[in-house]
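To start, the structure under review is shown below, and the notes come after it.
The values are calculated or read from the model by the stated rules, or taken from the named source; none is laboratory data. In this text the structure is predicted, and so the values were computed from the model without any measurement. With ideal geometry, Cβ positions are generated from the backbone for all residues, glycine too; neighbour counts draw on all protein chains shown. Surface areas here come from the heavy atoms of the whole protein model, side chains and all, with no ligands, DNA or RNA. Shrake-Rupley method; radii C 1.70, N 1.55, O 1.52, S 1.80 Å.
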Amino acid sequence: MGEYSIKVQAAIDVVKPFAHPTQLHDGVDRNKLKAAVRESKESIVTQSLQIKNMAQHCEQGLEQALCLIAASTGRVIVSGMGKSGHIGRKIAATMASTGTPSFFVHPAEAFHGDLGMTQPSDVVVLISNTGETDEILKLIPSLQNFGNKIIAITGNTRSSLAKNSDVILNVKVEREICPNNLAPTSSTTATLVMGDALAVGLIHLRDFKPHHFALYHPGGSLGKRLLTQVKDVMHSNDLPLVTMNQSMQDVILAMTRSTLGLAIVENNGELQGIITDGDLRRSLVRCVDFKDLTAKDMMTITPITISQEQRLIEAEQLMRENHIKSVIVVNDVNRQKVVGVLEYFQ
């Protein structure tokens, strides 16, 4: 136990945060740091301007690429080497999650057997900023022999890649924001943005909706909210139900027994109104005497309701728009039949 405690303490010492803000600058030239921060901020502006400029000359390429992919009955296969490969993986992942079957293939692996995964109907997106990447160029003869259509994402429209492609997406930038104009920075950002632009265009062409998105993201919180129906999470047992003629004392007792902060007023099993704890507090402020009042006297006769078949995300939007923390859930066929209550935090 003692040895374990010592090890834990040692680990805590290693990750101890800065005791004082000044420690952050220990061993760093403050003037150089200030200049570095300034350059970092400027690089963001520079990249945004280069991306904006790229948008001025990409319309034709995007139109052709979108038509090519939309008309294809196959998949989109993305390939790129090095940093372009990292960006390519993200592009393929974005397309796959937004309704366009897509996957990434490493060019070296493709040249050594993975080309067997391709089908003639597939559209292949090849990424190379220079357009002269050897591993990418080696794929072209085989792809052309298979009959695949090729989309080039490149910064050089006169390159070997561009000349041997069916569509060119021009991602040329003035220079890399790397101070030495060497490390792929602006060029990879431009490629990523172009890939996202292609995915967005396909979303519009295919009328891809949030519920479609949820089908590809069932494990995420957004996916769960998009797929989950109100009936899956609503409160349906021991609802605080009262009749119109019950006294306010009975109403308050029903609300107290429940944790929902409201009472549902019914008549012959059909919804007539709602009384919330907010209604009670406002009445107390006005010094209303509850002694001779009934539920009918206090209820709101047009409560907001939602169908049990609607999706949870729709219920959230409804409650946000109306600034309410709970909503009455009704039967999909008989909108006066109460089946539950949904709270916002659910």
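For the reader, a short list of remarks on this structure follows.
- For segment 202-236, filtered to residues that are of a type in the set (Ser, Thr, Tyr) and either modelled with pLDDT of 65 or more or within 30 Å of Phe290 (Cα to Cα) (or both), the residue that is most open to solvent (accessible area, probe 1.4 Å) is Ser236.
- Screening Lys337 against (1) out of contact with any Ser or Thr (no Cβ under 8 Å at 6 or more places or on another chain); (2) over 17 Å from Asn237 (Cα atoms) leaves a single unmet condition, (2).
- Some residue of segment 36-46 being under 26 Å from the mean Cα position of the chain (by Cα) and either farther than 22 Å from Val167 by Cβ or modelled with pLDDT of 95 or more (or both): yes
- Residues of segment 237-249 that are open to solvent by 60 Å² or more (accessible area, probe 1.4 Å) and farther than 17 Å from Ile304 by Cα: Asn237, Asp238, Thr243, Asn245, Gln249.
- Subset of segment 176-201 [at pLDDT 90 or above and either assigned to a loop (DSSP other than H, G, I, E, B) or polar (S, T, N, Q) (or both)]: Glu176, Thr185, Ser186, Ser187, Thr188, Thr189, Thr191
- In segment 236-252, the qualifying residues are those that are of a type outside the set (Asp, Glu) and assigned to a helix (DSSP H, G or I), and the one that is farthest from Gly278 (Cα to Cα) is Gln249.
- Residue count for segment 106-138, restricted to those that are at pLDDT 95 or above and of a type in the set (A, V, I, L, M): 7
- First in segment 96-108 and more than 15 Å from Val124 (Cβ to Cβ), second anywhere and buried (at least 16 other Cβ atoms within 10 Å of the Cβ) and among the aliphatic types (A, V, I, L, M), Cβ under 8 Å, 6 or more apart: Thr98/Ala199; Thr98/Leu202; Thr98/Ile203; Gly99/Leu202; Gly99/Ile203; Ala108/Met81
- All positions within segment 336-346 that are part of a loop (DSSP other than H, G, I, E, B) and at pLDDT below 90: Gln336, Tyr344, Phe345, Gln346
- Segment 1-35: number of residues that are open to solvent by less than 70 Å² (accessible area, probe 1.4 Å), at pLDDT below 50 and either assigned to a loop (DSSP other than H, G, I, E, B) or among the hydroxyl-bearing types (Ser, Thr, Tyr) (or both): 1
- Subset of segment 167-195 (residues that are open to solvent by 40 Å² or more (accessible area, probe 1.4 Å), under 32 Å from the mean Cα position of the chain (by Cα) and not hydrophobic (A, V, I, L, M, F, W, C)): Lys172, Glu174, Arg175, Pro184, Thr189
- For Gln246, the criteria (1) of a type outside the set (Lys, Arg); (2) within 16 Å of Val230 (Cβ to Cβ); (3) in contact with a helix residue (DSSP H, G or I) (Cβ under 7 Å, 6 or more places away or on another chain) hold in every case but one, which is (2).
- Residues that are open to solvent by 60 Å² or more (accessible area, probe 1.4 Å) and in contact (Cβ under 8 Å) with a residue 40 or more places away in the chain number at least 1 in the following strands (runs of 3 or more DSSP E) confined to segment 253-335: 270-276.
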